[in-house]
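In what follows, a structure is listed as structure tokens, so that the remarks can point back to it.
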Amino acid sequence: MVQTLVNPKQIIAARVAKEMRDGDVVNLGIGLPTMMPNYLPDNVNVILQSENGYVGLGPLEGEIDPDLVNAGGQPSGILPGGAFFDSVFSFELIRGGHVDVTVLGGLEADAKGNLANWMVPGKMVPGMGGAMDLVTGAKKVIVAMEHTAKNGSSKILEECRLPLTGKGVVDLIVTELAVFRVTEEGLVLEELQEGVDLETVKEKTEASFKIGPNVVLDLVS
């Protein structure tokens with residue numbers, strides 16, 4: 001079933017879903033990343049892991065169980081074959097490198113693969129949650145975020161200004177405008193989202209970047 005993408009978050013979630021491989025163990029950050037499973041192809045099944053203590057996270061169906069919530073505290077379901085365990089075991093999975101992909105939101109990401117997503121100085125925050133463990137322990141780190149902040153400023157920077165969640169940990173940045181891969185030499189533009197031109201991406205991206213070979217050439221002028 002083809003779904004119509006009507007807002008930036010849907011565009012981002014649908015593009016992130018294309019990075020998943022059948023059988024991947026995946027941890028999703030709260031907010032936008034939790035939309036990703038809605039766009040998985042029919043032949044791709046992933047195992048969702050939640051740092052608060054289970055694998056096999058599924059959609060909420062039927063009556064709400066107040067004891068069954070995801071890491072963001074939202075009511076969830078669990079699929080057949082899922083399992084529950086304590087936080088110690090859950091973080092052993094993460095720190096032990098058993099999570100294939102983590103998808104996290106971002107306040108800022110930069111050309112060096114740094115990520116800032118857990119606090120803004122001067123604002124009340126509940127804590128960093130499992131983000132610092134995830135960006136260190138997961139095999140692949142995808143940042144799924146809108147390209148600019150509410151004031152229009154770029155969220156993809158030469159260097160993060162906010163306190164870091166992790167240093168040199170990001171593999172891929174997906175926004176509603178573009179997809180960037182992080183390399184040792186800096187950012188590489190891998191893809192323009194449908195209907196987006198290169199000049200728009202340049203205008204809204206503070207960080208410098210190279211253009212990858214897979215970018216459609218007739219959009220690069």
Qualifying residue in the range 163-181 (condition: open to solvent by less than 50 Å² (accessible area, probe 1.4 Å) and more than 24 Å from Glu19 (Cα to Cα)): yes
Any chance Gly129 is surrounded by 16 or more Cβ atoms within 10 Å (Cβ to Cβ) and at positive phi: yes
Flag for Lys204 being touching a Ser or Thr at 6+ places or on another chain (Cβ under 7 Å) and either open to solvent by 70 Å² or more (accessible area, probe 1.4 Å) or over 20 Å from Pro33 (Cα atoms) (or both): yes
Identity of the residue in the range 8-45, closer than 21 Å to Leu177 by Cα, open to solvent by 60 Å² or more (accessible area, probe 1.4 Å) and without any contact (Cβ under 8 Å) to a residue 60 or more places away in the chain, that ends up farthest from the chain's Cα centre (by Cα): Asn38
Residue that is out of contact with any Gly (no Cβ under 6 Å at 6 or more places or on another chain) and either modelled with pLDDT of 95 or more or surrounded by 20 or more Cβ atoms within 10 Å (Cβ to Cβ) (or both), where the choices are Asn117, Asn151: Asn151
Residue within the range 58-76 that is surrounded by 19 or more Cβ atoms within 10 Å (Cβ to Cβ), touching a residue at least 24 places away in the same chain (Cβ under 8 Å) and not in a loop (DSSP other than H, G, I, E, B) present: no
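The values are calculated or read from the model by the stated rules, or taken from the named source; none is laboratory data. Remember, predicted model here, so these are calculated numbers, not experimental data. Positions of Cβ are backbone-derived with ideal geometry, glycine not excepted, and every protein chain shown enters the neighbour counts. All accessible areas refer to the heavy atoms of the entire protein, side chains included, with ligands and DNA or RNA removed. Shrake-Rupley method; radii C 1.70, N 1.55, O 1.52, S 1.80 Å.
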